[in-house]
Amino acid sequence: MSSGLVALEAQIGADLAKTAHPHAAWLAPRPGPDGKPALDVLVVGAGQSGLATAFGLMRSQVTNVLVLDKSEEGREGPWLTYARMHTLRSPKDFTGLDLDIPSLTYQSWHEASFGEDDWRNLDLIPRELWAEYLLWFRRVVGVAVRNGCEVIDISPAAGGLLAATVQTAAGIDIVFARKIVLATGQEGMGDWTIPEPLYHLPSSLCMHAAQPIDFTGLRGKQVAVIGAGASAFDNAATALEAGAAEVHLFCRRAEIQVIQPYRWLTFRGFLRHFCDLDDAWRWRFMRAILEMREGFPQATYDRCARHANFHLHDGAPVEAARAAGRGVELQTPRGVFPADFVICGTGIDMNFAGRPELQNCAANIAVWADRYQPPADERSPRLGRFPYLADDYALTERVAGATPWIADIHVFAIASTMSFGASGSSINAMTTAVPKLVHGLTRGLFRADIERHWSSFQAYDVPQAVVERQTPAVGGER
Ligand SMILES: Cc1cc2nc3c(=O)[nH]c(=O)nc-3n(C[C@H](O)[C@H](O)[C@H](O)COP(=O)(O)OP(=O)(O)OC[C@H]3O[C@@H](n4cnc5c(N)ncnc54)[C@H](O)[C@@H]3O)c2cc1C
């Protein structure tokens, strides 16, 4: 380890100690049905959201926390798996997991690792370095993570606990917890989508952008990319750089979207107070923002545009697709295009029933369409499928009383967005959204223990001072 990092880690230790107030432990172990103490909080997902949540809980003296991730260590989230950009799209000065502790920021880690000049000269953060920072962060703050652990079922257990069934290489384990946070990423409450006209195609002809595409196999091939967000462009660029003969990117809109709404909303007022708005305002804003989809940065576009064999078609939704010869024919209003392979960069959709961990409650999770009917010109069936979350990010019931235990399942992912605005799965919102989530979790844990706190207070008999009674003077004073 470089001397810069050694010094930084010492600084972090000091900073955390100086800001640890109040450090009194306030949670008592709750025995699970297996006789062992249940976790106070189980966090599912060790991406940046899960790590930041666990760190926020630790800062609130909720220390009986475990983070599980199905991936192997270092392979959590998109960064070293399916992200195909060279650098992060967000500006380098966005803070996040550090929760406003300067020594824990990406900048501090970068400067300690590569020097202050290197940071100054850096344009955007290389994604491999971001992944390295996440691993360093979790070690240096001491988040307890177990990799290779997939949560495949959540059900209610005795004593008001939740039981998570965990699949590991060694078999099945049951973990009991008072609360569960699902920090399971963009696809955590559904999956990546392949548009309906392409759905029937085999994976040898069509994949979505989060799948492990063999780009070397696209050399000399005609590639179609569906969608015009940043990931679609990243995949088009990767195919071009791998030597594809031609890459055609099909944009559904009449004109390509170049505004990035997430830049506009990155101010404290919106990030912090969006969730306090009524349903009509929350729907109006987030429908407008999420229907726009995320715009792509200039560098992302340039990475494609520098290739003469890159072709952008706007106003070209795919209306039909059929396997033809060794490839596909795509029918669009602009004509029929042949392709050897199709990549869909078309985002995610909610589908609770498709997630094993939600199988016991999927049908009873309230969604926005259950709770709010927008005016005709603001309708969106896709966004109506987002969960309608409580003010502590908890799932709410469609039919009250049928699955009351879901009030202890909290969602911190892209699925939180309709209820909270930018929040889970979003670097720009983390310093505001994680404290809000932690506040909701500690509120629930505190309220559930109120009888114990009352007894503890009544039994509290620690004197703060010793008062020595003076013996009155004989005869008194005159
Ligand atoms: C390609 C791409 C590029 C992006 N680039 C940027 C960017 O430049 N700037 C920016 O601000 N944002 C970016 N984002 C958005 C966001 O920052 C990322 O999606 C980020 O990874 C979200 O972090 P997360 O922790 O919420 O989810 P993830 O990083 O996806 O982590 C979720 C974790 O949950 C685990 N998991 C899921 N289900 C289970 C289960 N049942 N049991 C156990 N583990 C489970 C997964 O293995 C995964 O590791 C990007 C997103 C994508 C997809």
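The values are calculated or read from the model by the stated rules, or taken from the named source; none is laboratory data. The model shown is predicted, which means the values in this text are computed figures rather than measured ones. All Cβ positions, glycine included, derive from the backbone under ideal geometry; neighbour counts span all protein chains shown. These accessible areas exclude ligands, DNA and RNA; they are computed on the full protein's heavy atoms, side chains included. Shrake-Rupley method; radii C 1.70, N 1.55, O 1.52, S 1.80 Å.
Name the single residue that is farthest from residue 165 (Cα to Cα) among those in the range 121-150 being open to solvent by 20 Å² or more (accessible area, probe 1.4 Å), part of a helix (DSSP H, G or I) and of a type outside the set (Lys, Arg).
121
State yes or no: is residue 318 in a strand (DSSP E or B) and closer than 25 Å to residue 212 by Cβ? Lay out the reasoning, then the answer.
Values: in a strand (DSSP E or B): no; closer than 25 Å to residue 212 by Cβ: yes.
So residue 318 fails the test.
Just for the range 151-164: of the residues that are closer than 17 Å to residue 183 by Cβ and open to solvent by less than 30 Å² (accessible area, probe 1.4 Å), which one is farthest from the ligand (Cβ to nearest atom)? Let's see the steps before the verdict.
To start, the set of residues in the range 151-164 that are closer than 17 Å to residue 183 by Cβ comprises 151-152, 154, 162, 164.
Narrowing the set further to residues that are open to solvent by less than 30 Å² (accessible area, probe 1.4 Å) leaves 151, 154, 162, 164.
Numbers: 151: 4, 154: 9, 162: 14, 164: 9 Å.
Taking the candidates together, the pick is 162.
Do you know which residues across the range 35-49 are more than 6 Å from the ligand (Cβ to nearest atom) and either in a strand (DSSP E or B) or within 10 Å of residue 179 (Cβ to Cβ) (or both)?
Listed by number, the residues that qualify are 37, 38, 39, 40, 41, 42, 43.
Return the residues of the range 241-255 that are touching a strand residue (DSSP E or B) at 6+ places or on another chain (Cβ under 7 Å), open to solvent by 20 Å² or more (accessible area, probe 1.4 Å) and assigned to a loop (DSSP other than H, G, I, E, B); say none if nothing qualifies.
Answer for the range 241-255, where residues must be touching a strand residue (DSSP E or B) at 6+ places or on another chain (Cβ under 7 Å), open to solvent by 20 Å² or more (accessible area, probe 1.4 Å) and assigned to a loop (DSSP other than H, G, I, E, B): just 245.
Between 451, 477, which is at pLDDT 95 or above, acidic (Asp, Glu) and surrounded by fewer than 10 Cβ atoms within 10 Å (Cβ to Cβ)?
One residue alone meets the criteria, 451.
Count, please, the residues in the range 1-29 that happen to be under 27 Å from the mean Cα position of the chain (by Cα) and in a loop (DSSP other than H, G, I, E, B).
So the count comes out to 3.
Could you check residue 288 against (1) at pLDDT 95 or above; (2) open to solvent by 20 Å² or more (accessible area, probe 1.4 Å); (3) in a strand (DSSP E or B) and say which number it fails?
Among (1) at pLDDT 95 or above; (2) open to solvent by 20 Å² or more (accessible area, probe 1.4 Å); (3) in a strand (DSSP E or B), residue 288 violates only (3).
Against the definition (free of Cβ contacts under 8 Å to residues at least 24 places away in the same chain and open to solvent by 50 Å² or more (accessible area, probe 1.4 Å)), how does residue 273 come out, yes or no?
yes
Yes/no matrix, rows are residues, columns are (1) under 18 Å from residue 60 (Cα atoms); (2) more than 14 Å from the ligand (Cβ to nearest atom); (3) not hydrophobic (A, V, I, L, M, F, W, C):
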position	(1), (2), (3)
373	no, yes, yes
378	no, yes, yes
392	yes, yes, yes
401	no, yes, yes
425	no, no, yes
434	yes, no, no
442	yes, yes, yes
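Residue by residue through the range 52-76, note down the ones that are buried (at least 19 other Cβ atoms within 10 Å of the Cβ), of a type in the set (Gly, Ala, Ser) and within 9 Å of the ligand (Cβ to nearest atom).
Residue satisfying the conditions is 52 alone.
Within the range 77-121, track down each residue that is in contact (Cβ under 8 Å) with a residue 60 or more places away in the chain, of a type in the set (S, T, N, Q) and away from the ligand (no atom under 11 Å from the Cβ).
Of everything in the range 77-121, those that are in contact (Cβ under 8 Å) with a residue 60 or more places away in the chain, of a type in the set (S, T, N, Q) and away from the ligand (no atom under 11 Å from the Cβ) turn out to be 95, 103, 108, 113.
What strands (runs of 3 or more DSSP E) lie completely within the range 184-240 and have 3 or more residues being within 16 Å of the ligand (Cβ to nearest atom)?
190-192
Can you tell me which residue within the range 172-184, out of those that are open to solvent by less than 20 Å² (accessible area, probe 1.4 Å) and not aliphatic (A, V, I, L, M), is farthest from residue 48 (Cα to Cα)?
Across the range 172-184, the extreme among qualifying residues is 178.
Just give me the residues in the range 403-423 being under 12 Å from the mean Cα position of the chain (by Cα), part of a helix (DSSP H, G or I) and either of a type in the set (A, V, I, L, M, F, W, C) or near the ligand (Cβ under 9 Å from one of its atoms) (or both), in sequence order.
414, 415
Which of the following residues is open to solvent by less than 10 Å² (accessible area, probe 1.4 Å) and touching a residue at least 40 places away in the same chain (Cβ under 8 Å): 384, 424, 354? Outline the logic, then answer.
On the way: 384 fails: touching a residue at least 40 places away in the same chain (Cβ under 8 Å); 354 fails: open to solvent by less than 10 Å² (accessible area, probe 1.4 Å).
Within the list 384, 424, 354, the selection yields 424.
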